[in-house]
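Single-structure report; data block below.
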Amino acid sequence: CFCKLKGRIDDCSCNVDTVDHFNNMKIFPRLQSLLSNDYFRFYKVHLKRDCPFWTDDSRCAMRYCNVQACQEEDIPPGLKQYNHNSMNSIFGNQDMSLRFYDGNEDCEDPEADHDDELGFINTTISAAAYEEFEKWQAHDALDNFCELGDDKDAQYVDLLLNPERYTGYKGKSAHRIWNSIYKENCFRPENHYDLFIQSSQLDRMCLEKRVFYRVISGMHTSINIHLCSKYLLSDKESLIAPNGKWGPNLEEFKRRFSPMTTDNEGPHWLRNLYFLYLLELRALAKAAPYLANEEFYTGSEENDSDVRDAVKDLLSVIKSFPSHFDESSMFTGGAQARELKDEFRQHFRNISVIMDCVGCDKCKLWGKLQVQGIGTALKILFSGKFDSLSPPGLQPGQTAKSQFQLQRGEIVTLFNAFGRLSNSINELEKFRNLIRE
Ligand code: FAD
């Protein structure tokens, strides 16, 4: 089968077989269970932002493109207090003049209110402290590989209610997104004018530029595997399948990835999925000492404690993997390397903005999530903030959490994006079995 890949994963020191076995036996089942928890399933996202590059002329009219929004009462109370946590993570417990509404009836300030602008932050926070917080956010944003955007109009989406699957989004609008990603925002070999880069030409680029291309191509592969594995097989509604019947479409899978129909590129695109998987795996391993201090706060102590245990278990399995992606050989060598890293970051930020132009809300939801998750992984690998093996020693009065460098949205997308790749690798195994049958 063309999808039974063999040998070493390009630009990595690890074999495809090793990843298949490790993912399908160890990672996939753990992630499946972890990502169904409230902390990970509720993702706050802005789906209505205007496309800054062109007029969005072709919105997907299929009902499968819709995103089902959350009801206010479905959202765990602790998530609505998120600002409490993010402020606390910066100031720790040092400044006792800061008090946060913690949802507790016995809260010291009976006037604690829910200000729309500031979320659930108690109004006793001084303007100076808030300014400090904003300055910190602006400074931190310089390290970001994604435009996180302004959260004000974002809404919570329950990812379990809106699975990534076939939506019918295709044609001019979908191609304009992919074209502008590959053409305008991917690096290209010198004197290369074709829209898409042939895998055989990747060696004409330096490692960093190849990595960039493989990351994007790996994400594209994962999106397309999902639409093949959860294809709309019949839209006839029945009692058993009120939303139509969804399942794997082997012909669609072959059309997209077989060497015969893709000018030999399909298997290379599949390999890029494995490449991206190893890159995100490494980011999780690198951030593990930091993630181990995270509270995964939703307001339900029992559930949060289970999530902390499950995350620690997953991270220990991830750390046991023998050959991670090695980012240490990237961006080495002075001013030129710094310039390249800035360019790399800028290109990736552009791609995160292009996601606002996707003309199908469901595709936009998962596209944004995956791009933000990859952006978080890149931040962990290349911002330098996660380079020490353990979080630096605590200053007096500082909590472990106050050193943490990621916001909740970044953590949610990091794990969920990795979950998408893990699922894709697992789906590949199922397609292999179908082909064998
Ligand atoms: P496309 O996938 O549109 O690809 C265009 C061209 O890119 C191909 O002809 C090929 O030359 C090249 N290419 C293809 N794959 C790769 C790769 N892995 N690496 C490098 N080059 C490649 N559709 C859904 O049904 N459900 C979704 O959830 C969904 N999410 C999407 C999210 C985003 C952000 C975008 C942009 C599109 C999404 N789509 C989704 C649409 C889907 O990805 C395809 O664009 C669509 O099905 C049309 O497919 P196509 O065969 O024309 O090729």
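The values are calculated or read from the model by the stated rules, or taken from the named source; none is laboratory data. Remember, predicted model here, so these are calculated numbers, not experimental data. Glycine also receives a Cβ, built like all others from the backbone with ideal geometry; neighbour counts cover every protein chain displayed. Only protein heavy atoms, including side chains, enter the accessible area calculation; ligands, DNA and RNA are left aside. Shrake-Rupley method; radii C 1.70, N 1.55, O 1.52, S 1.80 Å.
The rows are residues; the columns are (1) charged (D, E, K, R); (2) surrounded by fewer than 18 Cβ atoms within 10 Å (Cβ to Cβ); (3) within 30 Å of Gly78 (Cβ to Cβ).
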| residue | (1), (2), (3) |
| --- | --- |
| Asn249 | no, no, no |
| Thr262 | no, yes, no |
| Tyr274 | no, no, no |
| Leu281 | no, no, yes |
Next item on the list: Identify the single condition in (1) more than 26 Å from Ala154 (Cβ to Cβ); (2) open to solvent by 30 Å² or more (accessible area, probe 1.4 Å); (3) modelled with pLDDT under 95 that Ser316 does not satisfy, given that it satisfies every other one.
Entry: (3)
Checklist line | Counted residues, the range 335-354 - those being open to solvent by less than 10 Å² (accessible area, probe 1.4 Å) and within 16 Å of the ligand (Cβ to nearest atom) | finding: 3
Note to self: For Leu315, only one of the following conditions fails: (1) touching a residue at least 60 places away in the same chain (Cβ under 8 Å); (2) touching a helix residue (DSSP H, G or I) at 6+ places or on another chain (Cβ under 8 Å). What is its number?
What the structure shows: (1)
Note to self: Take the conditions in contact with a helix residue (DSSP H, G or I) (Cβ under 7 Å, 6 or more places away or on another chain), among the aliphatic types (A, V, I, L, M) and within 15 Å of the ligand (Cβ to nearest atom) and apply them to Leu195. Does it pass?
What the structure shows: yes
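Restricting the search to the range 285-312, which residues are in contact (Cβ under 8 Å) with a residue 60 or more places away in the chain, open to solvent by 40 Å² or more (accessible area, probe 1.4 Å) and over 20 Å from Ser388 (Cα atoms)?
Selection gives Glu295, Tyr297, Gly299, Ser300, Asn303, Asp306.
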Next item on the list: Could you tell me whether Ser200 is free of Cβ contacts under 8 Å to residues at least 24 places away in the same chain and of a type in the set (Gly, Ala, Ser)?
Entry: yes
Check: Just checking, how many residues over the range 258-277 are in contact with a Ser or Thr (Cβ under 8 Å, 6 or more places away or on another chain) and either among the aromatic types (Phe, Trp, Tyr) or closer than 30 Å to Asp387 by Cβ (or both)?
Finding: 5
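Report the residue count in the range 171-202 for those that are over 25 Å from Asp356 (Cα atoms) and open to solvent by less than 10 Å² (accessible area, probe 1.4 Å).
2
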Margin query: Consider the range 352-380. How many of its residues are outside any loop (DSSP other than H, G, I, E, B) and farther than 17 Å from Ala283 by Cβ?
Written below: 13
Check: Does the range 40-63 contain at least one residue that is surrounded by 19 or more Cβ atoms within 10 Å (Cβ to Cβ), more than 22 Å from the chain's Cα centre (by Cα) and of a type in the set (A, V, I, L, M, F, W, C)?
Finding: yes
Check: When you go through Ser97, Ser89, Ser33 one by one, which is the residue that is in a loop (DSSP other than H, G, I, E, B) and either open to solvent by 50 Å² or more (accessible area, probe 1.4 Å) or at pLDDT below 90 (or both)?
Finding: Ser97
Checklist line | From the options Ser323, Ser328, residue that is closer than 30 Å to Asn426 by Cβ, surrounded by fewer than 20 Cβ atoms within 10 Å (Cβ to Cβ) and either touching a strand residue (DSSP E or B) at 6+ places or on another chain (Cβ under 8 Å) or free of Cβ contacts under 8 Å to residues at least 60 places away in the same chain (or both) | finding: Ser328
Checklist line | Those helices (runs of 4 or more DSSP H) lying entirely in the range 203-319 with at least 3 residues away from the ligand (no atom under 16 Å from the Cβ) and not hydroxyl-bearing (Ser, Thr, Tyr) | finding: 266-291, 301-319
